[in-house]
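Only one structure is covered here, and it is reproduced in the block below.
Read-outs throughout are calculated quantities, based only on the coordinates presented, and are distinct from any laboratory measurement. Model, not experiment: these values are computed from the prediction. Neighbour counts are summed over all protein chains in view; Cβ atoms, including those assigned to glycine, are modelled from backbone coordinates with ideal geometry.
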Amino acid sequence: MRMLQRDWRAGELRVLIAALVLAVASVGSVGFFTDRVKGALTRQANLLLGGDLMLSGDRPLPDAYANEARSRGLAMVPVIKFNSMVQTAGDATAPVLSDVKAVGAGYPLRGAIILADPNSPEGKPTRDIPAPGDAWIDTRLAARLNVAAGGTILVGDRPLKVGAIVQQDPEVAGGLLALGPKLLMNLDDVAATKLLQPGNRASYRLLFAGGETDAFRAWAQQRLERGQRLESIRDLRPEVRQTLERSDQFLGLAALVAVVLAAVAVALAASRYLRRHLDAAAMMRCLGAPQRQTLSLFALQFMVLGGAASAVGCVVALAGQQLLVMLLSAVVSADLPRPGAWPALAAFATGLLLLLGFALPPIVSLSRVPPLRVLHRDLGLPRAGGWIAYALGATTIALLIAGQAQDAKTAMIVIGGIAGLIVAAALIAWGGMLSLRFLPSRGYSWRYGLANLRRRPLASSLQIGALGLGLMALLLLTMVRGDLMRNWRASLPADAPNTFLINVLPDQVAGVRASLKQFVGGDTAMYPMVRGRLVAINDKPLDTTQLADERARRLGEREFNLSWMSDLPRSNRVVAGRWWQPGETGGPGAAGQVSLEDGIASTLGIHLGDTLTYDITGTRVSARVTSLRKVDWDSFRVNFFALFPPGVLETMPTTYIGAIRADSGSAWVTSLLRDFPNVLIIDVDSILRQVQAIIEQVALAVEFVFLFTLLGGVLVLEAAIAATQDERKYDAAILRTLGASERQLVAAQVAEFLTLGALAGLVGAGGATAIGYVLADRVFQIPFGWNPWVWLIGILGGAVGVALAGWAGTRGTLRQPPLAVLRQLG
């Protein structure tokens, strides 16, 4: 403990402590945050379902499920969920697209509905449901419509009185990941709304509760049909759980990039500690300390140091996770519980593992210092374990990454990606170092500064690579992300529709088009739409369980929007086969023709010439794939996965869809819905603004996590500076003895770090631009615009930032009297 206190006062351990705190804080911040979100999800498990078991389907559920549940003595409640435009009875405000849930008596079977109560912040729980003629709306819908309890709203053709404001309800506002305004109504009022027309997108549900749900689940699981899903509280809504797990993985792996750089800093700091304590270790050996006691002395010192630094890192992580909660407030809107102890233990263990993997080899070396070093200080450094030491450090990092990835394949990809980035950055830095010799350097300061970089090429390349990695992450998340968003918006056609009209009935098409022409101007095309499920390919039933890709399984189980057209849509082009000619038609049950979007065909393994069979409300329609189309989805026009020629689907239950470009005013929306209350109007601009706001908050959170990476790069710089401190001190003493002024030496150091930072900025800007190009060209398929500001800010920011950090770390070397330094050297 006395040795530790002495080293602390001498400043020997500050970089090592900072690196451990950074590693623990980066891992702990993400760990605490995800633990709180998962805790909220678990705490609200009963509120996510409203029962012990939920059966859902995109069509009305067979009576067999309800009859079997009653025979087993289970409590049961029917629920229907659908979307609708909701407006006030007096048209005082713009209609709002809302999630409507119609429930039967007894809802919810588990948990309770919490109504807003001005006298109680926690709200007032109730076991009732809205009475017929009433609606309960959540706080957001009340604010959007500017309506309070007692007001009247319209849902389709049905006026409903606002009976209460809901504070919390199964899947309603106030809960975890609640994104849209909600409305709760009585199931008996659904028919009067006239909204559930053929082809609607309602979700039909049955909630169950009771002691025999496990046996009922096993029975029902064997009878599930396509489009039906069975969930229990244990499932915790798979789509929500999967989203959280992926977020946890991504943020955790991003935090581990900072851990990798912190490990480099720990290794450099431990190496310097080895060199600084060689004489002390040799003296102890001379005074009779055996090798085991010497090892235990230094090991105990490092264990106390690691424990204290890790504890501080956990405290910093608590503050960091709270900042993450604030940055992601638009995505996670629940009151999160307090974080548990497990993330703190995991983060604490991370700090100790880093210390074990990267500081243990130098400690073992110190215990092997020969006593003869007291007399012969020119003896070389004791071996630090050679390849064993490097293997131990690499294994430590690999274990941390594997633990966070929770999957061997993902772990290997991440390990390879991080190693590739570091190697690429180091190689680019090495190339930059070699090119320095060809630069003309006028003046003593620049010559000496560049010579310092070239004299330590490995250490300089490591510093440039580490700093470049941090700068690349931040540039990619700030400037390049903004460029991609702007380029995507610029790639949209000037006349791209921004509003969609859905659920228009056949007898309403003429009236809707006339209203749009009156209020918006221009004629609007309305396209027929029939909902059907793909049930067979080449007369073989489609077994979605055989599809390897999860997205393919999900697409295979859903109902598709089918349509018919004579002419090829303007945003489509045929890439295989041929479009049908005028007069080529088919009929229900006949082997007609169908044109398929090439992406969905590839996902489901469908080829030109295959025969597809669709189930449309009980009627089977077969058609042969005669063409594949490339669809420009970014056109925002009405497009379909599957298109038929006229004469095939006309007898099926049909609704119509249209797309227009309209101003943001709401007067035309209110007027249209007054005459056609069943029509859904989706404002794409509004949705994009909401998505953009969420993206901005998520990007801020990711930037915060990658800020640890940049700090890790700075720590690598500081560790490298500390490792060369003695050498720099001796160089300065000799140069001052030879006549160099302190001003010249300061200028030389600034020149060295300006060049180092500029090269790091060059690496960061190059990496960010390269990744941005790949994302634009391969992922988003939009034009990539080269932005010179990325390079300018990267190079200038890196140069100035590193120069300041480097000058702060080396200014102490110039304060030593040259005579005292030379005497130590002698």
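Going by the alpha-carbon gyration tensor, a ≥ b ≥ c the square roots of its eigenvalues, is the range 493-538 rounded (a/c under 1.5) or, if a/c is not under 1.5, prolate (a/b greater than b/c) versus oblate? Oblate, because a/c is 1.5 or more while a/b does not exceed b/c. For LYS38, no lysines have a Cα falling under 16 Å of its own Cα, not counting residues fewer than eight places away in the same chain. Counted residue by residue at 0.36 nm each, then reduced by the alpha carbon distance between them, the extension gain from GLU650 to PHE250 reaches 139.2 nm. Highest average first, the peptides 211-224, 471-484, 612-625 ordered by how many other beta carbon atoms sit within 10 Å of their residues are 471-484, 612-625, 211-224. Extending 7 Å from the Cα toward the beta-carbon at both ALA494 and ALA419 defines two label points whose distance is 5.3 nm. Which entries in the list LYS409/LYS540; LYS517/LYS630; LYS409/LYS630; LYS161/LYS194 go over 24 Å, if you measure between the two C-alpha atoms of each? Listed pairs above 24 Å: LYS409/LYS540; LYS517/LYS630; LYS409/LYS630.
Ranked by the mean number of other Cβ atoms within 10 Å per residue, highest first, peptides 28-38, 800-810 order as 28-38, 800-810. Is the range 595-678 rounded, prolate or oblate when judged by the Cα gyration tensor, a ≥ b ≥ c being the square roots of its eigenvalues, rounded requiring a/c under 1.5 and prolate requiring a/b larger than b/c? Oblate. Ordering 566-575, 313-322 by mean Cβ neighbour count within 10 Å, with the highest value first, yields 313-322, 566-575. Net charge of the neighbourhood of ILE771, taken over other residues with C-beta under 14 Å away and scored Lys/Arg +1, Asp/Glu -1, is 0. Where the centre of each part is set by its Cα atoms, how far does the range 106-164 sit from the range 211-225, in angstrom? Each part's Cα centre sits 33 Å from the other's. Cα centroid separation, the range 687-764 to the range 285-300: 37 Å. Here the range 697-786 is assigned +1 on the Cβ of each Lys and Arg and -1 on the Cβ of each Asp and Glu. Its dipole about the Cα centre then comes out at about 100 debye. Note on the range 440-491: dipole from Cβ charges, positive end direction compared against ASN487, LEU467, TYR444; the farthest Cα belongs to TYR444.
In this structure, ARG454 and LEU392 have a Cβ-Cβ separation that, at R0 = 41 Å, corresponds to a calculated FRET efficiency of about 0.85.
Charge tally around ILE129: other residues with Cβ under 12 Å, Lys/Arg +1 each, Asp/Glu -1 each, net -3.
Label-to-label distance, CYS286 versus MET3, with points set 7 angstrom from Cα along the beta-carbon direction: 1.7 nm.
If I model a spin label at LYS124 and LEU804 as a point 7 Å from the Cα along the Cα→Cβ vector, what separation in nanometres do I get? For the pair LYS124/LEU804, the computed spacing is 5.7 nm.
Charge tally around GLY340: other residues with Cβ under 10 Å, Lys/Arg +1 each, Asp/Glu -1 each, net +2.
Label the range 649-689 by shape, choosing from rounded, prolate and oblate, from the square roots a ≥ b ≥ c of the eigenvalues of the Cα gyration tensor; if a/c is under 1.5 it is rounded, and otherwise prolate applies when a/b is larger than b/c, oblate when it is not. It comes out oblate by the Cα gyration axes.
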